[in-house]
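The values are calculated or read from the model by the stated rules, or taken from the named source; none is laboratory data. Worth saying up front: this structure is predicted, and the values here are computed from it rather than measured. Every residue, glycine as well, gets a Cβ built from its backbone with ideal geometry; the counts of neighbours run over all protein chains shown.
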Amino acid sequence: MRSNAFRDADLIIVLGTRMNYVIAHAAPPRFNKDATIARIEIDPEELGTSARNVDIPIVGDCKSVLQQLIDAIDGKTADRFQPWRQKLAEGEAAKRQGPGGNYPTDGDIHPLRLCEEVKNFMNRDAILVVDGQEILNFGRQSIPTFTPGHRLNSGPFGTMGVGLPFAVGAKAPSVTRRSSACTATAWSRWSTSRPTTAPAPRRSASRTT
């Protein structure tokens, strides 16, 4: 239903990220061609590099600007868009509950089945790293993160092959929190030396390839 949301939205707010290939340049047909584009970016030079025209460019810290927007929005705004949010939520639920929604069967282990098992296994406060090509596409759509700031994907944060080093590095600020990496086998071969730094005391990182 994410694609439906992109096509139906009449206002798209881009927060502190580049409008590059990762989000299809925010261009139609994936995104509504008639939508108003607002972009919040702390670096003014970045605003001038947008692939699509930005109708509302805002220079500022995302957290500060969003707080100002929240303070300015009236209390009934959420209610006005509730039917649309409900439509998207029901569509997503129907997709996941339909035949093969979570466990497609084609004779082999389907990537969605793998992602489902990773989701069920990982701790709810784990730092999730998803890396690769197709597994990245499946993982970022089907494996949620349950705590803000606990996700690292290749693309916004680096090129393919960063999954395992990112998972190891994610342990540095918190030795008691688990980090989980879901990577494609080919890309994980680029960084097979990284696990030698992982077995420090009380550090746990799990990897699925």
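Please tell me if R7 is under 26 Å from N137 (Cβ atoms) and out of contact with any strand residue (DSSP E or B) (no Cβ under 6 Å at 6 or more places or on another chain). Before the answer, list the steps.
Values: under 26 Å from N137 (Cβ atoms): yes; out of contact with any strand residue (DSSP E or B) (no Cβ under 6 Å at 6 or more places or on another chain): yes.
Yes, satisfied.
Restricting attention to region 5-39, report how many residues are in a helix (DSSP H, G or I) and over 17 Å from the mean Cα position of the chain (by Cα).
First, pick out the residues of region 5-39 that are in a helix (DSSP H, G or I): 5-8, 21-26.
Checking which are over 17 Å from the mean Cα position of the chain (by Cα) leaves us with 7-8.
Summing the residues that are in a helix (DSSP H, G or I) and over 17 Å from the mean Cα position of the chain (by Cα) in region 5-39 gives 2.
Do any residues in region 24-37 that are not assigned by TED's automatic domain parsing to the domain that holds N137 have Cβ atoms under 7 Å from those of residues that are surrounded by fewer than 18 Cβ atoms within 10 Å (Cβ to Cβ) and of a type in the set (S, T, N, Q), where the two are at least six apart or on different chains, and which pairs are they?
Final answer for the pair search is R30/S3; I37/N53.
Take region 19-57 and flag every residue that is closer than 24 Å to N4 by Cβ and among the charged types (D, E, K, R).
R30, K33, D34, R39, R52, D55
So, restricting to helices (runs of 4 or more DSSP H) that lie completely within region 78-196, which ones have at least 2 residues that are modelled with pLDDT of 75 or more and touching a strand residue (DSSP E or B) at 6+ places or on another chain (Cβ under 9 Å)? Please lay out each step first, then the result.
Details: elements: 82-97, 111-121, 134-142, 163-169, 185-188.
In region 78-196, 111-121, 134-142, 163-169 are the helices (runs of 4 or more DSSP H) which contain 2 or more residues that are modelled with pLDDT of 75 or more and touching a strand residue (DSSP E or B) at 6+ places or on another chain (Cβ under 9 Å).
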